[in-house]
Amino acid sequence: MDSASLEPAIKLIITEIHLKLDAAKRIAKAAEACVVAGSISEGVEISMDIDQLIYEAGRLHDAASLLNPREQT
């Protein structure tokens with residue numbers, strides 16, 4: 001595949017990575033608020049939802065890396 005064909009796919013993947021990490025950030029902020037308020041157990045429980053988002057972002061990054069057209073030297 002040429003780079004022009006891959007560019008839209010890579011852009012979409014990077015956007016999806018951003019969305020997943022943004023969601024993880026919101027969850028982390030909620031977990032922090034719980035911990036600061038003294039609800040340690042609840043904060044940890046809430047933070048557990050971050051795992052899947054980070055995993056998915058990582059796999060998407062792997063895909064973008066594999067699709068990335070590299071110039072031959």
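Structural remarks
- Whether the chain is rounded, prolate or oblate, judged on the alpha carbon gyration tensor where a/c under 1.5 counts as rounded: prolate
- Partner aspartates and glutamates for residue 25 [C-alpha distance under 18 Å; skip if fewer than 8 residues away on the same chain]: 16, 42, 45, 49, 51, 56
- Solvent exposure of the chain, expressed per residue, is 77 Å² of accessible area, with all protein chains present and a 1.4 angstrom probe.
- Placing +1 on each Lys and Arg Cβ and -1 on each Asp and Glu Cβ, with no other charges, gives the chain a dipole about its Cα centre of roughly 140 debye.
- Here the extension length gained between residue 2 and residue 68 equals 22.7 nm, from 0.36 nm per residue of separation less the Cα-Cα distance.
- Estimated from helical segments only, the mean residue ellipticity of the chain at 222 nm is -28500 deg cm²/dmol, where each DSSP H run of four or more residues counts as -39500 (n - 2.57).
- Karplus (6.51, -1.76, 1.60) ³J(HN,Hα), θ = phi - 60°, over the stretch 34-47, in Hz, Gly and Pro reported as x: 5, 5, 4, 7, x, 9, 4, 4, 5, x, 5, 4, 5, 5
The values are calculated or read from the model by the stated rules, or taken from the named source; none is laboratory data. As the structure is a computational prediction, the values presented were derived from the model and not from experiment. In this analysis, Cβ positions are derived from the backbone assuming ideal geometry, glycine residues included, and neighbour counts consider all displayed protein chains. Just so you know, the surface numbers come from the protein's heavy atoms only, side chains and all, with ligands and any DNA or RNA stripped out. Shrake-Rupley method; radii C 1.70, N 1.55, O 1.52, S 1.80 Å.
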